[in-house]
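What follows is one structure encoded as structure tokens, with my remarks underneath.
The values are calculated or read from the model by the stated rules, or taken from the named source; none is laboratory data. Model, not experiment: these values are computed from the prediction. All Cβ positions, even for glycine, are placed from backbone atoms using ideal geometry, and neighbour counts span all protein chains on display.
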């Protein structure tokens, strides 16, 4: 329960930051990706500001604390390889973000404001996640086992 409360509070702070910075407005995101038109660099400043605050605190916490406040252990990535799934997933995410002006965080934050566009984006994203899981289950069935451990973990939830 503590982990869920911590995740909720972290998401709440993130959502408030998105609203304050204006990053829930798709026009801001599309403007950032409009390099040859009326480019809006404000997203870059938000990302730089977040990185400047988060990086030293993260490094200090991982080095100093034995475990997070509300979790049994730090959950740090162990994989360091770059494969086709990472590259293709990143490309699809980036194209969708640039075309729609939403990524998951701002879209779900905008749902709270009753945004019809955010609802459409969120529904399409959930359909895409479901389609991916069905595809991986079908692929797993053809190969007689998990495609890879990470994919199996994602499918099993």
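Residues in the range 20-32 that are in contact with a helix residue (DSSP H, G or I) (Cβ under 8 Å, 6 or more places away or on another chain) and surrounded by fewer than 16 Cβ atoms within 10 Å (Cβ to Cβ): 22 alone. The residue that is farthest from residue 20 (Cα to Cα), among those in the range 136-157 that are surrounded by 13 or more Cβ atoms within 10 Å (Cβ to Cβ) and modelled with pLDDT of 85 or more, is 137. The set of residues from the range 94-117 being farther than 17 Å from residue 12 by Cβ and surrounded by 13 or more Cβ atoms within 10 Å (Cβ to Cβ) comprises 96, 97, 98, 100, 101, 102, 103, 115, 117. Selection of helices (runs of 4 or more DSSP H) fully inside the range 1-108 by the criterion of at least 2 residues being within 24 Å of residue 132 (Cβ to Cβ) returns 2-21, 26-32, 84-100. Quick check on the range 118-127: of everything there that is farther than 20 Å from residue 33 by Cβ and surrounded by 12 or more Cβ atoms within 10 Å (Cβ to Cβ), which residue is modelled with the lowest pLDDT? It comes out as 122.
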